[in-house]
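A.B. asks: Handing you a structure now.
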Amino acid sequence: MRLALYEPDIPQNTGTLLRTAACLGLAVDLIEPAGFAVTDRNLRRAGLDYLDAAVLTRHSGWTAFDAARRAEGRRLILLTTAAAEPYLDFAFRPDDVILVGRESAGVPERVHASADARLIVPMRPGLRSLNVAIAATFVLGEALRQTAGFPPLVPAHGPGDPR
């Protein structure tokens, strides 16, 4: 399973998603251009020291990313408020790529058209959307649950440590 970020606008969200992916053992595809300089300094605030554990592949644009994904035979699963299918009703596969769009604009129609599935996180009527990092985390959790893809549980502290 991989997480893909389409032209992210906010470095803090990108850092949060890199940290999340590092903790879950997922690789991240960053589709440029980003709305900020993709530097350690811009990502460290939210990503903290977890960025060193992140597996990040940068793509020069949509065409380069899509070609690489297709060459690997991976399905593209787009999270979008324009979808009708709730993520909880979808059958994920271990080789899926979960794609989130720009915080300010989502993804363009050509990206929508390339997706193998378009999913939504159910929420109360009248509200626009969740933060992209929160929405991605919801969906990644369910995808990993379905595919038994969570990393093995290792105690954070040594045996017998009551913390």
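A.B. asks: Once amide H atoms are placed 1.01 Å from N in the peptide plane, what residues at a sequence separation of 5 or more from LEU99, or on another chain, have their amide H within under 5 Å of its amide H?
C.D. replies: Hits under the 5 Å cutoff: ALA4, ILE77, LEU78, LEU79.
A.B. asks: Next question, about the same structure. Using only Cα atoms, tell me the angle between helix 62-71 and the longest principal axis of the chain; keep it within 0 to 90° and round to the nearest 10.
C.D. replies: Around 70 degrees separate the two axes.
A.B. asks: Still on this model: Quick one: Debye curve from the C-alpha atoms of the stretch 25-89, no solvent, what's log10 I(q)/I(0) at q = 0.18 Å⁻¹?
C.D. replies: Treating every Cα as an identical point scatterer, log10 I(q)/I(0) equals -0.91.
A.B. asks: Using all Cα-Cα distances in the stretch 53-104, what percent lands in each 10 angstrom bin from 0 up to the longest?
C.D. replies: Computed distribution, short to long bins: 19, 49, 31, 2.
A.B. asks: At 7 Å along the Cα-to-beta-carbon direction for both ALA148 and THR57, put a label point, then send me their distance in nm to one decimal.
C.D. replies: 2.6 nm
A.B. asks: Something else: Provide, in order from the shortest bin, the percent of all Cα-Cα pairs of the stretch 10-60 in each 10 Å bin, continuing until the bin that contains the maximum pair distance.
C.D. replies: 30, 60, 9
A.B. asks: Please sort 123-132, 29-38, 10-19, 95-104 by packing, taking for each peptide the average over its residues of neighbouring beta carbons within 10 angstrom, highest first. List each step's numbers first, then the result.
C.D. replies: Details: 123-132: 10.6, 29-38: 16.7, 10-19: 22.1, 95-104: 19.6.
Descending packing order for the listed peptides: 10-19, 95-104, 29-38, 123-132.
A.B. asks: Using only Cα positions of the chain, each an equal point scatterer, no hydration layer, compute I(q)/I(0) via Debye at q = 0.12, 0.17, 0.19 Å⁻¹ and quote the log10 values to two decimals.
C.D. replies: -0.52, -1.02, -1.26
A.B. asks: Helix 11-24 versus the longest principal axis of the chain: what angle, 0 to 90°, nearest 10, using Cα atoms?
C.D. replies: Computed tilt is about 60 degrees.
A.B. asks: Kindly provide the helix-only [θ] at 222 nm of the chain, computed as the sum of -39,500 (n - 2.57) over DSSP H runs of four or more divided by all residues, to the nearest 500 deg cm²/dmol? Show your work: numbers first, answer last.
C.D. replies: Values: 5 runs with 53 residues, N = 163.
Helices in the chain give a 222 nm mean residue ellipticity of -9500 deg cm²/dmol.
All of the numbers you see were taken from the coordinates with simple rules; none came from a lab. Just so we're clear, the structure is a prediction, and the values are computed from it rather than from any experiment. Backbone-built Cβ (ideal geometry, glycine too); neighbour counts: all protein chains shown.
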